[in-house]
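Read the structure below first, then the notes.
The values are calculated or read from the model by the stated rules, or taken from the named source; none is laboratory data. None of these values were measured; they are calculated from a predicted model. Cβ placement follows ideal geometry from the backbone for every residue including glycine, while neighbour counts extend to all protein chains displayed.
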Amino acid sequence: MSSGNNNNEVAMAQPPSRFEDVLHVLKRPGALAGDGFDADSGDDVMEMMQDSISLLVIGAGGLGCELLKDLALLGFQNMTVVDMDTIDVSNLNRQFLFRPADVGKPKAVVAAEKVNSRVQGCRVTPKHARVEELSLDFYRQFHVWVLGLDSVEARSYVNSVACSLLEYDEDGNVDPSSIKPMVDGGTEGFKGHARVIYPGMTPCFQCTLWLFPPQTKYPLCTLAETPRTAAHCIEYAHLIAWPRDRPDDEFDADNPEHMLWMFEQASSRAATFGIPGVTPQLTSGVVKNIIPAIASTNAIVASMCATEVLKIVTMCLRGMDNYTMYMGGYGVYTHVASYERDPQCIVCGAGIAIKTRADSTLASFRDALTSDSGGDGALPTDLRGKVTSPSISHGSSNLYMAHGPLEPLTRANLSKSLRELLFAEADMECERRTVTLMLNDKALAAPVRLRVTVE
């Protein structure tokens, strides 16, 4: 047999690359590819994904575990996962990265360890923290954010952080380099969604907040007088019995002692009215507004989200525009909708343009906002005289809160310069910067977004 044939046999015997299928996509030209995609650079793009791209995964629950697995197997090797929760035994049926021995440990830490150990070369860094505890500089370092959250509040906060990083020119046009693309996934039983958000360009979370239905509320008269279901008894313990019997204790749904008390009170209430069905699991579900999670739904939605991340980073295909709904309760149904951005959105809008000086103190800037004489730092004519005692924030930082318990904690900022409060050390010498501030005042119907050019 010739040496050429021997070489061919050796080549055929070699195992395929772990990322062979991904490379096939990255090297395939076609009409559906995104703008600027170069099929001849597939190997270089794969190397970029592995070495240069840094992803932020927020949430390490049922959806987060699937996201980490999918992204790692696509070839993304630099990821940071953030989650504030610890592993509970009830998580084990669907959060497949966790085992019974992991109960009580931080989800982010265990999830990172499992992915790193199973996917060679993967470097997942855990952050056991609340999203509110992390700085703007922390968020700024990642190329794409992937959300696997289970609450409207957490999504709203992360959305506001992404929008606070936006920078605009004097005409109100967003600087593309300041945009942090977000891929958001969510599941609810057999239903789910995946969406792509380019803050400042496509609808942000706040623009489409109406997509999320209001939470179920029960009339207090029903809870107090005529309960008819186990959920009524649990909400009675939550909304009426707790503040009545333990007024000095702040209820914590993650505190086992508090949840045990809640279950006992609900059980007693149910026994009084002859209502069956109060269990510790139902108590936790009602109090935390938990809807049972379905592992297959998590897997489907995570796969859609991971695919969109691949599109964003490589442009191998045109991305989703901009929301996909999945319905799996009665067969399989998906629908893609292109929602419109709200140009007046208080979170992602360009805001009201104002100029001021970097050496101005926060107190003088605040005085200019309340002035009705115009000049640098003054609000437009239609708002002058309406703002009397404004609170001012920048991203997740409260610069000054005019009322309540935060006022004394932020009062010291009034004497500081805007340069000191708004700019990192490396930006201190910049001649001009545009930042986004949020102004709130009791006299206003809603917060006002300010696009402040600091010179």
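Structure summary
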{"read-out": "Among residues of segment 271-292, those that are buried (at least 19 other Cβ atoms within 10 Å of the Cβ) and not in a helix (DSSP H, G or I), counted", "value": "1"}
{"read-out": "Long-range neighbours under 6 Å by Cβ, at least six apart or interchain, first residue free of Cβ contacts under 8 Å to residues at least 60 places away in the same chain within segment 285-311, second hydroxyl-bearing (S, T, Y) and assigned to a helix (DSSP H, G or I)", "value": "none"}
{"read-out": "Matching residues in segment 190-230 - criterion: being of a type in the set (K, R) and at pLDDT below 85", "value": "K217, R228"}
{"read-out": "Residue under evaluation F76, criteria (1) over 16 Å from the mean Cα position of the chain (by Cα); (2) surrounded by fewer than 21 Cβ atoms within 10 Å (Cβ to Cβ); (3) touching a residue at least 40 places away in the same chain (Cβ under 8 Å), criterion not met", "value": "(2)"}
{"read-out": "Filter result (in contact with a strand residue (DSSP E or B) (Cβ under 9 Å, 6 or more places away or on another chain) and among the hydroxyl-bearing types (S, T, Y)) within segment 304-327", "value": "T307, Y323, T324, Y326"}
{"read-out": "Residue selected from segment 344-357 under the condition outside any loop (DSSP other than H, G, I, E, B) and surrounded by fewer than 18 Cβ atoms within 10 Å (Cβ to Cβ), by the criterion modelled with the highest pLDDT", "value": "K355"}
{"read-out": "Breaking point among (1) over 21 Å from the mean Cα position of the chain (by Cα); (2) not in a helix (DSSP H, G or I), for H24", "value": "(2)"}
{"read-out": "Count of residues meeting criterion [in contact (Cβ under 8 Å) with a residue 24 or more places away in the chain, within 23 Å of A162 (Cα to Cα), of a type outside the set (G, A, S) and touching a Ser or Thr at 6+ places or on another chain (Cβ under 8 Å)] in segment 395-420", "value": "3"}
{"read-out": "Set E153, E132, E113: member being in contact (Cβ under 8 Å) with a residue 60 or more places away in the chain and surrounded by fewer than 19 Cβ atoms within 10 Å (Cβ to Cβ)", "value": "E132"}
{"read-out": "Meets criteria (over 24 Å from V313 (Cα atoms) and surrounded by fewer than 21 Cβ atoms within 10 Å (Cβ to Cβ)) for D171", "value": "yes"}
{"read-out": "One residue from S41, S54 being at pLDDT 95 or above and among the hydroxyl-bearing types (S, T, Y)", "value": "S54"}
{"read-out": "Residue, modelled with the lowest pLDDT, within segment 421-453, restricted to residues that are in contact with a Ser or Thr (Cβ under 9 Å, 6 or more places away or on another chain) and farther than 22 Å from L136 by Cβ", "value": "A443"}
{"read-out": "Matching residues, segment 301-343, being crowded, with 19+ Cβ neighbours inside 10 Å and closer than 15 Å to G64 by Cβ", "value": "V301, A302, M304, C305, A306, V309"}
{"read-out": "Subset of segment 235-249 (residues that are of a type in the set (D, E) and either touching a Pro at 6+ places or on another chain (Cβ under 7 Å) or in contact (Cβ under 8 Å) with a residue 40 or more places away in the chain (or both))", "value": "E235"}
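Residue-wise test of (1) under 30 Å from T297 (Cα atoms); (2) out of contact with any strand residue (DSSP E or B) (no Cβ under 9 Å at 6 or more places or on another chain).
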site	(1), (2)
T125	yes, no
F142	yes, no
S156	yes, yes
N159	yes, no
L165	no, no
P176	no, yes
